[in-house]
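Notes follow once the structure below has been shown.
The values are calculated or read from the model by the stated rules, or taken from the named source; none is laboratory data. Note that the coordinates shown come from a computational prediction; the quantities given were computed from them, not determined experimentally. Positions of Cβ are backbone-derived with ideal geometry, glycine not excepted, and every protein chain shown enters the neighbour counts. SASA here: full protein model, heavy atoms, side chains in, ligands and nucleic acids out. Shrake-Rupley method; radii C 1.70, N 1.55, O 1.52, S 1.80 Å.
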Amino acid sequence: MSELSFAELGLDPAVLEAVSAVGYETPSPIQAQAIPALLAGNHLLGVAQTGTGKTAAFALPLLSRIDASVTDPQILVLAPTRELAIQVAEAFTTYASKFRNFHVLPIYGGQDFYPQIKGLRRGAQVIVGTPGRMLDHLRKGTLKLDSLKALVLDEADEMLRMGFIDDVEAILAKTPENCQRALFSFPTRRSSDLQIKKVAQTYLRNATEVRIESETRTVERISQFVLPVYAERKLDALTRILEVEPIDAAIIFVRTKAETTMLAEKLSARGHAVAPLSGDLNQRQREQTVEDLKRGKKDIIIATDVAARGLDVSRIT
Ligand code: AMP
C-alpha cells in the first residue's frame, strides 16, 4: 500500500538489517505513517489494532533514535497485561538483534522482584512492562528514567479500562519533560475515544495522528460467516465446524469466564486438545496456556475477549 521501502524511511542501518533478517518486505500502512513521524521526534497518537504491525511501527523508529551503546533505560513501553508486555519485549529483542550489548527487559507483576532488579542493575536500553510493577520500581529507586528518550503507552484504552490511569499518570510525571511520547489505542466506541483524547491532550504535544481502521485488516485476512442456531444446538454445530474446517489452531470466544471452562470440558470430552483462558487463571497459568497453543500442545483456546486481547499466535488458522 505504501510507496516507500523500509530502507527509504531512514531507519538506523542496524535496525534495517534486523528488519530484513525477519523478512518484512514492505512497511504496513501504520508503519509507513508512524515511522517518519517518530523518526522526526514527533509525538504520536496511533489508533490501530494488534495485527496491523503497530509494534514495529513504534519500535523501529524509536530504536533508531537512541544511543545503543548507553545501557541506561532509554525507551519505556507500558502495556496493560503481562502477555502483551512479553510480546512487545520479544519484538524489541528481534528488532534490536544487530545491536551489541543490548538488553530489553520485561517487567511485570506476579514475578519476583529480584530477577527484575538484577536485570535493571545490569542495564537495559528498553524496558517493557505493566504500570503497577513499573511504578513499584520507580518508587524503590531501582528504575531510573534520567536518560529516557521515549515513552510508549500501548493499548492505552485497555490500561484506562483496567483502572491503571493513576499509575500511568504517576509514571508519566516521572519521565523527563522533553521525552518523546506515543500513545496507541484500539479503534473503539466514542466514550473511551473521549477518554483517550483527554489523556492525549494532556500528555502529547503537537502529536501526529495515525488511524488505521480495523475493517481493512479484517476484510483482507479473515473470512467471516454467521450461523444462526438454537442455543441447545450450539455445541453440536461447533463440533461439526471443528470436524469439517481445516483448523490448525483456533481461539473460541465466549462471553463469560464460566463458559470458558464449561465449553473447554465439553470439547475436551470430544477429543480436542483444548484449554480455557480467562481472568480466573493466574498470570503464570495464562502464559502457560498461550505457550501450549504456540507449541501445539493445545489446539483450541476458549477465551473471554479480555483475556485473549493482543495475542499473536501465528498457528491460528
Ligand atoms: P502487531 O500488530 O505489532 O502485533 O504485529 C502483527 C504481526 O505482523 C507480527 O507478527 C509482526 O511480526 C508482523 N509484521 C509487522 N510488520 C510487518 C511487515 N512490515 N511485514 C510483514 N509482517 C509484519
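Listed here are the pairs 98/198; 98/118; 234/257; 54/174; 54/297; which of them are more than 27 Å apart at the Cα?
Violating the 27 Å Cα-Cα cut-off are 98/198; 54/297.
Could you tell me the calculated FRET efficiency between residue 256 and residue 194, based on Cβ-Cβ distance and R0 = 30 angstrom, to the nearest 0.05?
Between residue 256 and residue 194 the formula returns 0.60.
Can you check what the net charge comes to around residue 11, using other residues whose Cβ is under 11 Å from the Cβ of residue 11 (Lys, Arg +1; Asp, Glu -1)?
Net local charge, residue 11 excluded: -2.
What does the accessible area per residue of region 233-317 come to in Å², with a 1.4 Å probe and no ligands, DNA or RNA counted?
In whole numbers, region 233-317 has 59 Å² accessible per residue.
Could you work out the relative contact order of the chain, using alpha carbon pairs under 8 angstrom and six or more residues apart, expressed as a whole percent?
Reported as a whole number, the value is 18 percent.
Tell me the relative contact order for region 250-309 as a rounded percent, counting alpha carbon contacts under 8 Å between residues six or more apart.
50
Report the local net charge at residue 298: Lys and Arg +1, Asp and Glu -1, summed over other residues whose C-beta lies under 11 Å from its C-beta.
+1
Taking springs between alpha-carbon atoms closer than 10 angstrom, which of 15, 244, 226 fluctuates most in the Gaussian network model of the chain?
226
Report the full-extension gain for the segment residue 146 to residue 162: residue separation times 0.36 nm, less the Cα-Cα distance, to one decimal in nm.
Stretched fully, the residue 146-residue 162 segment lengthens by 3.0 nm.
Which trypsin sites (Lys or Arg not before Pro) in region 228-258 sit in a loop by DSSP (not H, G, I, E or B) and have at most 12 other Cβ atoms within 10 Å of their own Cβ?
Answer by residue number: 255.
Work out the charge dipole of the chain with +1 on the Cβ of Lys and Arg and -1 on the Cβ of Asp and Glu about the Cα centre, then indicate which of 27, 57, 134 is farthest towards its positive end.
Comparing the listed Cα positions along the dipole, 134 ranks first.
Starting from the residue with the highest accessible area, list 69, 5 in decreasing order, probe 1.4 Å.
Reading off the accessible areas and sorting them downward yields 69, 5.
Could you pull out every residue, at least 5 positions away or on a different chain, whose amide H is within less than 5 Å of the one on residue 303? Hs are placed 1.01 Å off N in the peptide plane, and Pro or chain starts have none.
Those lying under 5 Å, H to H, from residue 303 are 252, 253, 254, 277.
With every protein chain left in place, what is the accessible area per residue of region 1-84 in square angstrom, probe 1.4 Å?
36
Set the Förster distance to 41 Å, then compute FRET efficiency between residue 25 and residue 169 from the Cβ-Cβ distance, nearest 0.05.
0.55
For region 120-164 and region 12-88, compute the distance between their C-alpha centroids and round to whole Å.
16
Suppose each label sits 7 Å from its Cα in the direction of the beta carbon; what would the residue 287-residue 270 distance come out to in nanometres?
The answer from the label model is 3.3 nm.
Mean separation of Cα pairs under 8 Å and 6+ residues apart, divided by the residue count of region 84-240: what relative contact order is that in percent?
Worked out over region 84-240, it gives 16 percent.
Carbon and sulfur atoms: what percent of the 1.4 Å accessible area of the chain do they account for?
Roughly 48 percent of what the probe reaches on the chain is carbon or sulfur.
Looking at region 111-197, which GluC sites (Glu not before Pro) are in a loop (DSSP not H, G, I, E or B) and have at most 12 other Cβ atoms within 10 Å? Don't skip to the answer; put the middle values down first.
Values: sites: 155, 158, 169, 177; in loops: 155, 177.
Qualifying residues, ordered by number: 177.
Projecting each Cα onto the charge dipole of region 98-233 (Lys/Arg +1, Asp/Glu -1 at the beta carbon, about the Cα centre), which of 99, 162, 176 comes out farthest on the positive side?
Checking the options against the dipole of region 98-233, the answer is 99.
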